[in-house]
Amino acid sequence: MSTGPGILAPVTALGAATLRLLGEMGAMFLFLADGLRLIFASPKQIPKILNQVFVIGSKSLFVILLIGVFTGMVLGLQGYYTLVKFGSEGLLGAAVALSLIRELGPVLTAIMVTGRAGSSMAAEIGVMRITDQIDALDVMDINPMAYLVAPRIAASLISFPLLTAVFDVVGILGGYVTGVTLLGINEGVYFYRIQSSVEMADITGGFMKSLLFAVIVATVSCYQGYFTHMRRDGVGPEGVSNSTTSAVVLSCVFVLVADYALTSFLL
Amino acid sequence: MRANSGWDIRLDGLAVGYGDHVVLRDVNALLPAGEISMIIGGSGCGKSTLLRHVLGLQRPMAGTLSVGGRDLFALAGRDFRKVRRRMGVLFQDGALLGSLTLGDNVALPLREHTGLPKATVRQIVLHKLALVGLADYADYYPNQLSGGMRKRAGLARAIVMDPPILLCDEPTSGLDPVNAARMDQLLLDMRANFPGMTIVVVSHDLRSLDAIANYVLMLHDGTAAFAGPVDALRASDDPYVRSFLDRRADEDQRTGVSLAPEVQQALDAWLER
């Protein structure tokens, strides 16, 4: 029996795309495993990791403070006008804190750091690839994975939870500014509701998310940059540009998918 | 006769390429220890591809590649790295790490592979930079330097571990005649300063060939067109060798192709608007 190529073509294309995606995911997982292993390759990794903590963590701090405070203020505003309809505006502190600690803190931090540091990781490593710098490391017998990727993964694992904590704290203060200072909620009630409603599980859940997001963002960004030369949609500077775009888009998508999966698991 | 370090490079029936695409096949040559060998040939003939294989960055499709008497690709991980650590490489644009100063770039292999004190590393780095005339530029970043200076800095990094083999990819390309001559002189200085060092230069610069080469591997039409001493190359009456050395285009490369008259007319009409 013969089926025309026209009928099979979409199925074949879908199958090929699925296989490619699975292959890419598998390669990314192996890339991550190698990166994690090489974090502990030598004590010489410590200064490189600290340098990356500065690049990923410290340099992202300002944007995290800015986004955190405005997110908290918006939450305070929206939460107040929703809760006041039910005469429950006293619960504003709990609403702001739980939203931030469980969900918005880890997710928005990951997305902001993706834009700020993930794109820079992909672009920097991509440029190093197309200008032979990675080959140069290789021939100097310096493992490029250990030199470039492992410190970035380790630094992300350190920086993401800390930035998330900062985001949560300034977000709660932002909610305080709108809820207490501007809209007149009692200061004691605001903080009492936070204290009585936030449990340790909420905080650890938020940090677990931030650790998972750190792994996702660092792995996807470094992977896209590292394999810039293998891209089929562009070479040279165009390849670096596409790698950077892919790093940001894929990181954000994977962060949100992982967020849903982990939230389902944690609840 | 120069000192023989034993670090020669031998290619036996080597075939190299990318994926299924064969770039060079059946390449046989000996790049002798302690001499300056030049791999020459027209643009796109596979010179840099061959160099990537000598560096161990890619596996050959067939044949063997021996470095210092050891089949490079038959060696297991640690032994392979041990041999490769004995090679210093100057990439085409230096391939310096953009985020590090020249001093840190040159110091990198020392910091990664030795436990030398910082002061000693600094002294070695300044010495190597002085050898290439860049002692005053240790604190500069690569993007603050000219192309020629970046190449010289790349050379300083290549020799920082005193390798017995130095491989250079197009060291004079993109340089003005004065800087190109300076780079040639630096390579001659390397041979004088490091007796026994095997130097392999990939180039299509005939002036460099005249100035520094002892041995030549000429690539053409997907294989080795010539391999031997430079004097034998000059005496060769092989048509391609002669056309390369005399800088003449082959007869079959001279084209008399012109645009179809109507296409030329259309183009002219647009250009006259």
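No lab work stands behind these numbers, since they all come straight from the coordinates. Because the structure is a prediction, the values reported are computed rather than measured. A quick note on method: Cβ atoms are made from the backbone with ideal geometry, for glycine too, and the neighbour counts reach across all protein chains shown.
Projecting the Cα positions of A:Leu104, A:Ala136, A:Ser196 onto the charge dipole of segment A:49-266 (unit charges on Cβ atoms of Lys, Arg, Asp and Glu, taken about the Cα centre) puts A:Ser196 furthest along the positive direction. Mean partner shielding of peptide B:152-159, defined as the number of other chain Cβ atoms within 10 Å of each residue Cβ, is 1. Once C-alpha pairs closer than 8 Å and six or more residues apart are averaged by separation and normalised to the residue number of segment B:142-257, the relative contact order reads 18 percent. The base-10 log of I(q)/I(0) for chain B, evaluated at q = 0.08, 0.10 Å⁻¹, reads -0.38, -0.57 [Debye formula, identical scatterers on Cα atoms, solvent excluded]. This ranking places B:Ser203, A:Ser119 by how few other beta-carbon atoms lie within 10 Å of each, fewest first, which gives A:Ser119, B:Ser203. Site pair A:Thr181 and A:Arg231 shows an inter-label distance of 4.3 nm when each label is modelled 7 Å from Cα along Cα→Cβ.
Per residue, chain B reaches -11000 deg cm²/dmol at 222 nm when only DSSP H runs of four or more residues are counted, each adding -39500 (n - 2.57). On full extension, the segment bounded by B:Leu116 and B:Tyr141 gains 6.6 nm, given 0.36 nm per residue less the C-alpha separation.
The percentage of C-alpha pairs in segment B:113-217 whose separation is greater than 20 Å is 40%. Legend: mean number of C-beta atoms from other chains within 10 angstrom of residue C-beta atoms, peptide B:84-90, equals 3.
With the simple model of a label 7 Å out from the Cα in the direction of the Cβ, B:Glu272 to A:Ala13 spans 4.7 nm.
Only one residue of B:Leu217, B:Ile199, B:Ala74 has its Cα farthest out toward the positive end of the dipole of chain B, where Lys and Arg carry +1 and Asp and Glu -1 on Cβ, and that residue is B:Ala74. Taking the average, over residues, of other Cβ atoms within 10 Å as the packing measure, peptides B:149-160, A:53-64 rank B:149-160, A:53-64 from highest down. Once the dipole of segment B:17-172 is set up with Lys and Arg at +1 and Asp and Glu at -1 on Cβ about the Cα centre, which of B:Pro109, B:His21, B:Leu97 lies farthest towards its positive end? Sorting the options by dipole projection puts first B:Pro109.
Using all pairs of distinct alpha-carbon atoms, the Kirkwood hydrodynamic radius of segment A:49-266 works out to 18.4 angstrom. Within the protein assembly as shown, DSSP assigns beta bridges of which about 55% are antiparallel (rounded to the nearest 5).
For chain A, the 222 nm mean residue ellipticity estimated from helices alone, with every DSSP H stretch of n ≥ 4 adding -39500 (n - 2.57) and the total spread over all residues, rounds to -25500 deg cm²/dmol.
Between the Cα long axis of helix A:59-83 and the first principal axis of chain A there is an angle of about 50°, rounded to the nearest 10.
Taking the longest Cα principal axis of chain B as reference, the axis of helix B:102-113 is set at about 60 degrees.
For GluC sites (Glu not before Pro), the sites in segment A:164-256 that DSSP calls loop and that have at most 14 other Cβ atoms within 10 Å are A:Glu199. Got the relative contact order for chain A handy, in percent, Cα pairs under 8 Å and 6 or more residues apart? 31 percent.
Calculated on the alpha-carbon coordinates, the convex hull of segment A:57-142 measures out at 101 cubic angstrom per residue. Rounded to whole numbers, the Karplus 3J(HN,Hα) couplings from phi for segment A:134-148 are 6, 4, 4, 4, 4, 6, 7, 6, 10, 4, x, 5, 6, 7, 9 Hz, using 6.51 cos²θ - 1.76 cosθ + 1.60 with θ = phi - 60°, and x at Gly and Pro. If only the Cβ of Lys and Arg carry +1 and only the Cβ of Asp and Glu carry -1, the dipole of chain A around its Cα centre is close to 40 debye. Only alpha carbons enter this Debye calculation for the protein assembly as shown, each as an equal point scatterer, and the log10 of I(q)/I(0) it gives at q = 0.06, 0.07, 0.10, 0.12 Å⁻¹ is -0.43, -0.56, -0.93, -1.14. Counting, for every residue in B:92-104, the Cβ atoms of other protein chains within 10 Å of its Cβ and taking the mean gives 3.
Report, ordered by chain and residue number, the aspartates and glutamates lying within cross-link reach of B:Lys82, taken as a straight Cα distance under 20 Å and ignoring same-chain residues fewer than 8 apart. Straight-line reach from B:Lys82, under 20 Å: A:Asp135, A:Asp138, A:Asp141, B:Asp8, B:Asp71, B:Glu112, B:Asp162. Against chain B, whose longest principal axis is taken from its Cα atoms, helix B:147-158 shows a tilt of about 50°. Taking amide H atoms as placed 1.01 Å from N in the peptide plane, the amide H of B:Gly94 has no partner under 5 Å among residues 5 or more positions away or on other chains.
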